[in-house]
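**Student:** Just dropping this structure here.
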Amino acid sequence: MKALEGKVALVTGGTGGIGTAICIKLADAGAKVVSTYNHEEQAREWQSRHAAMGHEFVITRCDVSSYDDCVAMADRVKADHGGVDILVNNAGITKDGTFRKMTPDQWNAVIDVNLSSVFNVTRQFVDAMTDKGWGRVINISSINGQKGQFGQTNYAAAKAGMHGFTMSLAQETARKGVTVNSISPGYIATEMVMAVPEDVRAKIIAGIPMGRLGKPEEIAALVAFLASDDAAFITGANIAANGGQHMM
Ligand code: CAA
């Protein structure tokens, strides 16, 4: 039997760079995988492309920055799949800019999509996990929530906030079989990192001891491990995967 056979996994923003690798890895481990999306056409194309390669993902629309949208999405997921055992809060955006230029819109968008979403989505599923006595919440944070980053006051605040959330909820659910952890990826080869100006990106890569960007699969492998029974004693942790760029 596969490690995650019989489990339902919800991955927010599963159609993105790291999200896709997570969906594939969890499905390969036996889970039924549901991904939320924000852009219908793109998500349908993603779904059929992966179906053609043997992965049948369920997709469901949700603006994770909206509490009401998350309530509606959760109702659909519960009706169609009976609930969620593994929740991966992966959806995230960047709106980089130095603080002196940062607008309230840039600030609010990143806090809402990257941090408030974690409340909005987790709130819908965690009670059922504790009632059942088994659950996994895995939050995809960032190296920049640990070390800060020039041009990312909004993003670093949201990503550091995710870990505060992780440590607190982990304490509340520890006796109920539900673990809550965060993963802090370093710079991974995805569209998000490719959007960083090339000269800036080259300097960042030069500062990574391994001398390369990470692969989405290297984050997905950690997610699958944290989701498994083998990781039952790990909770409230923040696991870094950053090629040695930041050690603590
Ligand atoms: N440290 C110190 N000074 C820096 C600097 C740095 N890292 N980067 C730029 N500067 C300086 C410049 O030399 C320039 O100085 P002068 O004014 O003296 O010439 C000044 O800052 C430029 O300031 P501006 O406000 O004009 O900034 P800008 O419009 O040129 O753009 C930026 C700044 C948007 C932050 C741009 O540098 C950038 O995109 N940086 C990358 C940020 C980054 O790493 N984002 C990560 C995205 S991927 C991700 O988030 C995934 C993940 O989890 C890792």
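The values are calculated or read from the model by the stated rules, or taken from the named source; none is laboratory data. Fair warning: this is a prediction, and the values are worked out from it, not measured in the lab. Cβ atoms come from the backbone with ideal geometry, glycine included; neighbour counts cover every protein chain shown. Quick note on the areas: whole protein, heavy atoms, side chains included, nothing else; ligands and nucleic acids left out. Shrake-Rupley method; radii C 1.70, N 1.55, O 1.52, S 1.80 Å.
**Student:** State which residue is nearest to the ligand (Cβ to nearest atom) when the search covers only segment 110-136 and only residues that are of a type in the set (Val, Ile, Thr) and closer than 20 Å to Gly177 by Cα.
**Tutor:** The initial filter retains those residues of segment 110-136 that are of a type in the set (Val, Ile, Thr), namely 110-111, 113, 118, 121-122, 126, 130.
Subsequent filtering for residues that are closer than 20 Å to Gly177 by Cα retains 118, 121-122, 126, 130.
Details: Val118: 15, Val121: 19, Thr122: 20, Val126: 25, Thr130: 30 Å.
Among those residues, the one meeting the criterion is Val118.
**Student:** Could you tell me which of the residues Ala224, Ala156, Ala160 is part of a helix (DSSP H, G or I), in contact with a helix residue (DSSP H, G or I) (Cβ under 7 Å, 6 or more places away or on another chain), open to solvent by less than 60 Å² (accessible area, probe 1.4 Å) and more than 26 Å from Val84 (Cβ to Cβ)?
**Tutor:** Values: Ala224 fails: more than 26 Å from Val84 (Cβ to Cβ); Ala160 fails: more than 26 Å from Val84 (Cβ to Cβ).
Among Ala224, Ala156, Ala160, only Ala156 is part of a helix (DSSP H, G or I), in contact with a helix residue (DSSP H, G or I) (Cβ under 7 Å, 6 or more places away or on another chain), open to solvent by less than 60 Å² (accessible area, probe 1.4 Å) and more than 26 Å from Val84 (Cβ to Cβ).
**Student:** Sticking with this structure for a sec: Going by the structure shown, is Arg136 assigned to a helix (DSSP H, G or I) and either under 26 Å from Ala72 (Cα atoms) or not small (Gly, Ala, Ser) (or both)? Don't jump to the end; show me each part of the working.
**Tutor:** Numbers: assigned to a helix (DSSP H, G or I): no; either under 26 Å from Ala72 (Cα atoms) or not small (Gly, Ala, Ser) (or both): yes.
In short, no.
**Student:** Output the number of residues of segment 194-214 satisfying the condition of being under 20 Å from the mean Cα position of the chain (by Cα) and either without any contact (Cβ under 8 Å) to a residue 60 or more places away in the chain or more than 14 Å from the ligand (Cβ to nearest atom) (or both).
**Tutor:** Of the residues in that region, 3 qualify.
**Student:** Please tell me if Ile234 is surrounded by fewer than 16 Cβ atoms within 10 Å (Cβ to Cβ) and part of a loop (DSSP other than H, G, I, E, B). Lay out the reasoning, then the answer.
**Tutor:** Details: surrounded by fewer than 16 Cβ atoms within 10 Å (Cβ to Cβ): yes; part of a loop (DSSP other than H, G, I, E, B): yes.
Criteria met by Ile234.
**Student:** Specify the residue that is surrounded by the fewest Cβ atoms within 10 Å (Cβ to Cβ); the eligible residues are those in segment 65-109 that are within 16 Å of the ligand (Cβ to nearest atom) and in a strand (DSSP E or B).
**Tutor:** From segment 65-109, those within 16 Å of the ligand (Cβ to nearest atom) are 88-103, 105-107, 109; that's our starting set.
Okay, now just the ones that are also in a strand (DSSP E or B), so 88-89.
Numbers: Val88: 30, Asn89: 28.
Within segment 65-109, the match that is surrounded by the fewest Cβ atoms within 10 Å (Cβ to Cβ) is Asn89.
**Student:** For segment 141-153, which residues satisfy the criterion of being in a helix (DSSP H, G or I) and either closer than 13 Å to Ile239 by Cβ or open to solvent by less than 30 Å² (accessible area, probe 1.4 Å) (or both)? First the steps, then the outcome.
**Tutor:** Quick first cut of segment 141-153, residues in a helix (DSSP H, G or I) only: 143-147, 153.
Within segment 141-153, Ile143, Asn144, Gly145, Gln146 qualify.
**Student:** Take segment 163-185 and flag every residue that is at positive phi and either in a helix (DSSP H, G or I) or buried (at least 22 other Cβ atoms within 10 Å of the Cβ) (or both). Quick ask: steps written out before the conclusion?
**Tutor:** Kept after step one, since they are at positive phi, are these residues of segment 163-185: 177.
Result: no residue meets the conditions.
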